[in-house]
Protein chains: 2
Amino acid sequence: MNDDLILLGHGSGGTLSHRLLDDLIIPALSGISPANQNDAAVLVAGDSRLAFTTDGYVVDPPVFPGGSIGSLSVHGTVNDLAMMGARPLWLSCGLIIEEGLERSLLASILADMRRAADEAAIQIVTGDTKVVPRGKADRIFITTSGVGVIEHPFSIHGSAARPGDRIILSGSLGDHGIAIMAAREGLPLDGLCSDSAPLWTLVTEMLDEGGAAVHLLRDPTRGGVATTLKELARQSAVTFTIDESALQIKPQVRGLCGILGLDPLYVANEGKLLACVAPEVAERVLARMHQHPQGQQAAIIGTVEAGEAGRVRMQTSVGGMRMIEMLAGEQLPRIC
Amino acid sequence: MNDDLILLGHGSGGTLSHRLLDDLIIPALSGISPANQNDAAVLVAGDSRLAFTTDGYVVDPPVFPGGSIGSLSVHGTVNDLAMMGARPLWLSCGLIIEEGLERSLLASILADMRRAADEAAIQIVTGDTKVVPRGKADRIFITTSGVGVIEHPFSIHGSAARPGDRIILSGSLGDHGIAIMAAREGLPLDGLCSDSAPLWTLVTEMLDEGGAAVHLLRDPTRGGVATTLKELARQSAVTFTIDESALQIKPQVRGLCGILGLDPLYVANEGKLLACVAPEVAERVLARMHQHPQGQQAAIIGTVEAGEAGRVRMQTSVGGMRMIEMLAGEQLPRIC
């Protein structure tokens with residue numbers, strides 16, 4: 001391992017990614033403090049509060065069970081806005097295409113983008129297209145940026161979890177990452193699809209029910225639920241205790257994780273959210289989530305405690321207590 | 001040539017790019033009509049008018065005389081906002097890095113981004129980093145998106161040129177494209193640098209002097225001044241007549257264009273703008289531009305006429321009239 005080169009693990013969303021961001025990228029570009037790092041930036045323009053975010057998509061393969069790089073590039077950015085409590089309104093689309101891409105594949109990816117954008121009621125308003133020579137990219141990379149409007153007075157962010165809050169997870173773990181890996185490796189999926197989906201309407205239900213008592217929202221993408229919980233416990237300077245028996249893992253995900261040697265807690269999701277919600281509204285918020293297609297399997301998976309800052313521990317099904325750490329290295333390259 | 005594959009020329013900014021955009025990408029994603037295609041989208045949020053734009057940067061080499069992919073990725077997006085008359089305020093940074101990139105090169109590119117952003121008074125507020133395996137990208141690609149605010153009541157767009165308007169070009173032709181090509185090919189530059197620079201403060205001077213009489217602004221990047229003029233003449237449904245003797249071409253650019261077999265009219269610029277300005281203010285706007293570092297060599301290069309829509313003709317130095325068409329094919333790959 002050469003310290004002077006960027007490694008695949010630097011894109012994993014785990015420890016190496018955090019180090020690269022904290023030691024180099026964020027100090028160089030913005031100097032935003034870790035406590036203020038969220039899925040989107042909040043901008044004040046006149047009388048409006050806006051959220052602004054960007055994500056690059058390099059998923060391999062570009063078409064997978066349950067979606068494509070086109071739909072994923074819309075859902076991911078819509079969800080980053082939604083996690084700030086912002087209504088997604090406007091999207092940009094930056095394409096980097098490898099020479100030789102089939103026009104029909106491009107057309108189908110763009111159709112997926114449009115369908116996903118229409119479904120999420122976000123408008124694609126601006127874009128750019130670059131083509132690089134064969135061998136200088138891998139078929140297609142898409143970078144989307146989104147702008148949304150924060151229409152409520154609440155402040156939802158990663159440092160807002162409070163002791164006593166209930167931790168809600170909106171559904172099962174690892175569907176996206178495992179669907180991608182299985183598709184890439186030619187393993188049988190047995191009906192498993194990526195969970196890639198827009199989460200804004202689910203968030204509107206949660207905010208409608210819980211209001212200011214919905215303290216924190218975050219989608220557990222790269223690095224999975226484990227890494228995201230660790231990030232949030234650090235950011236909010238609290239301890240999270242989660243209950244393994246409350247986590248839902250599809251049998252196909254469990255089976256493929258066994259074959260691939262992966263822990264579903266660290267596998268990316270693209271249509272799930274974690275929320276920290278004040279205890280007095282948690283059950284009501286949960287009941288509202290159950291009415292929504294993306295929240296039918298939502299469950300309270302744990303509690304926020306005033307313990308050591310940044311600690312995440314899991315009560316295991318067999319009765320022990322397991323400490324949860326961030327993803328180390330690169331478990332799943334090019335998952336999104 | 002296989003019609004079913006994407007070619008390098010589809011990224012040239014010329015005829016093939018336009019066809020791909022008009023036949024496939026724009027109808028698929030947005031359906032925005034050609035008359036309404038500008039460097040940025042205009043968004044209305046509460047009492048604010050905002051501009052929103054994105055651009056991908058894949059320039060080869062990533063560091064070149066006069067800048068790097070870092071500074072270029074800021075200037076390009078700042079200028080797309082400025083061409084809508086919007087004050088650039090917020091920038092996003094999406095990095096796609098090839099495994100094995102030297103950390104020191106990444107650090108220097110990010111430092112260039114930050115310096116360029118500070119100079120242009122735009123804040124980098126959000127970002128994303130992906131890493132792809134060796135051989136699946138080319139060192140580094142950067143996609144920036146920008147949000148700016150339109151603080152004046154004027155409407156500056158590509159279909160606003162009116163017969164009688166004077167066409168202003170802010171400086172010499174082709175410096176960026178030729179500096180990149182010479183650096184790539186190892187040709188002697190003889191002091192030539194990319195013209196990559198932010199244009200917002202130049203635009204503020206122009207608007208301050210010309211107000212609503214500044215009808216149209218556009219930066220002639222990929223495809224050069226010729227292709228941009230052709231786009232604008234179509235979009236405004238007018239004829240442009242330009243005067244070759246008013247065009248400024250540095251001797252090094254002329255020399256290298258000769259060696260490389262290129263026409264400087266079709267070579268990309270990254271710190272120049274074209275403007276269509278009402279005749280009664282054109283001289284005053286020009287005088288103000290001359291006071292600005294990026295406008296010292298500004299000149300009136302032609303006139304807008306009520307002729308055939310989309311026609312661009314050039315009065316040549318030897319006395320003839322040359323019809324100007326869009327760039328055909330790929331003159332200069334990966335210039336930005």
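The values are calculated or read from the model by the stated rules, or taken from the named source; none is laboratory data. All figures in this text were calculated on a predicted structure; none of them were measured in a lab. Counting neighbours? That spans all protein chains shown, and the Cβs are built from the backbone with ideal geometry, glycine included. Just the protein is used for accessible areas: all its heavy atoms, side chains included, with ligands, DNA and RNA removed. Shrake-Rupley method; radii C 1.70, N 1.55, O 1.52, S 1.80 Å.
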**Message:** At 222 nm, what value in deg cm²/dmol follows for the protein assembly as shown if DSSP H runs of at least 4 each add -39500 (n - 2.57) and the sum is divided by all its residues, to the nearest 500?
**Reply:** -9000 deg cm²/dmol
**Item:** Global form of the range B:35-150, assessed from the alpha-carbon gyration tensor, a/c cut-off 1.5
**Value:** prolate
**Prompt:** So which lysines pass the test for residue B:272, namely a Cα distance under 16 Å, with those fewer than 8 places away in the same chain ruled out?
**Reply:** B:250
**Item:** Residues with amide H under 5 Å from that of residue B:7, placed H, sequence gap 5 or more
**Value:** A:100
**Message:** Going 7 Å from Cα along the Cα-Cβ axis for the label, what nanometre distances separate residue B:320 from the same residue across the other copies?
**Reply:** 8.5
**Request:** Compute the Cα gyration tensor for the range A:166-324, then decide on rounded, prolate or oblate, letting a ≥ b ≥ c be the square roots of its eigenvalues: rounded whenever a/c is under 1.5, prolate when a/b is larger than b/c in the other cases, and oblate in all that remain.
**Result:** oblate
**For the range A:9-52, residues shielded by at least 40 square angstrom of accessible area compared with the chain on its own, probe 1.4 Å** = A:24, A:25, A:28, A:29, A:43, A:45, A:47, A:52
**Asked** Using a simple charge model, +1 on the beta-carbon of Lys and Arg, -1 on the beta-carbon of Asp and Glu, nothing else, what dipole does the range B:35-150 show about its Cα centre, in debye to the nearest 20?
**Response** 140 debye
**Accessible surface of the protein assembly as shown [probe 1.4 Å, protein heavy atoms]: carbon and sulfur percent** = 50 percent
**Message:** So with the 1.4 Å probe, I'd like the accessible area per residue for chain A, rounded to whole Å².
**Reply:** 34 Å²
**Prompt:** From the residues B:71, B:58, B:281, which one has its Cα farthest along the dipole of the protein assembly as shown in the positive direction, the dipole being from +1 and -1 charges on Cβ of Lys/Arg and Asp/Glu about the Cα centre?
**Reply:** B:58
**Request:** Please give the residues from the range A:103-131 for which the solvent-accessible area of heavy atoms, probe 1.4 Å, is smaller by at least 30 Å² with all protein chains in place than with the chain isolated.
**Result:** A:103, A:106, A:110, A:114, A:124, A:125, A:126, A:128, A:129, A:130, A:131
**Prompt:** Quick one: putting +1 on the C-beta of Lys and Arg, -1 on the C-beta of Asp and Glu, what dipole do you get for the protein assembly as shown around its Cα centre, in Debye to the nearest 20?
**Reply:** 120 debye
**Fill in**
With +1 on the Cβ of every Lys and Arg and -1 on the Cβ of every Asp and Glu, the dipole magnitude of the range B:166-324 about its Cα centre, in debye rounded to the nearest 20, is 320 debye
**Residue of B:42, B:304, B:318 that the Gaussian network model of chain B assigns the largest fluctuation, springs spanning Cα pairs under 10 Å** = B:318
**Request:** Work out from phi, with θ = phi - 60° and the Karplus expression 6.51 cos²θ - 1.76 cosθ + 1.60, the ³J(HN,Hα) of each residue of the range B:171-182, listed in order in whole Hz, and give x for Gly and Pro.
**Result:** x, 6, 9, x, 4, 5, x, 6, 4, 5, 5, 5
**Prompt:** What list of ³J(HN,Hα) values in whole Hz, one per residue of the range B:111-127 in order, does the Karplus curve 6.51 cos²θ - 1.76 cosθ + 1.60 (θ = phi - 60°) give from phi, with Gly and Pro shown as x?
**Reply:** 5, 5, 4, 5, 4, 5, 5, 4, 4, 8, 6, 10, 9, 7, 10, 7, x
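Near residue A:270, within a Cβ-to-Cβ distance under 12 Å, what is the net charge of the other residues, with Lys and Arg +1 and Asp and Glu -1?
With Lys, Arg at +1 and Asp, Glu at -1, the neighbours total -3.
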**Request:** Name the shape class, rounded, prolate or oblate, that the alpha-carbon gyration tensor gives for chain B, where a ≥ b ≥ c are the square roots of its eigenvalues, rounded holds for a/c under 1.5, and otherwise prolate holds if a/b is larger than b/c and oblate otherwise.
**Result:** rounded
**Fill in**
Per GNM of chain A with C-alpha springs under 10 angstrom, the most fluctuating residue out of A:227, A:241, A:126 is A:126
**Prompt:** How large is ³J(HN,Hα), in whole Hz, for each residue of the range A:75-83 in order, when computed from phi with the Karplus curve 6.51 cos²θ - 1.76 cosθ + 1.60 and θ = phi - 60°, using x for Gly and Pro?
**Reply:** 4, x, 7, 4, 5, 4, 5, 4, 5
**Request:** Can you send over the solvent-accessible area of residue B:200, 1.4 Å probe, protein chains only, in Å² to the nearest 10?
**Result:** 20 Å²
**Message:** As a test question: what accessible area, to the nearest 10 Å², does residue A:250 have when a 1.4 Å probe is rolled over all protein chains in place?
**Reply:** 70 Å²
**Request:** For the range A:243-322, go through all pairs of different Cα atoms, get the mean of 1/r, take its inverse, and jot down that Kirkwood value in Å.
**Result:** 14.7 Å
**Message:** Using 10 Å bins from zero, what percent of all Cα-Cα pairs in the range A:114-157 falls into each bin?
**Reply:** 17, 35, 30, 13, 5
**Prompt:** What accessible surface, in Å², does a 1.4 Å probe find on residue B:325, ignoring ligands, DNA and RNA and rounding to the nearest 10?
**Reply:** 90 Å²
**Request:** Note the buried accessible area between B and A here, summed over both chains, with a 1.4 Å probe, in Å² to the nearest 100.
**Result:** 6400 Å²
**Request:** Would you mind calculating the relative contact order of chain A from Cα pairs under 8 angstrom and at least 6 residues apart, reporting the percent as a whole number?
**Result:** 25 percent
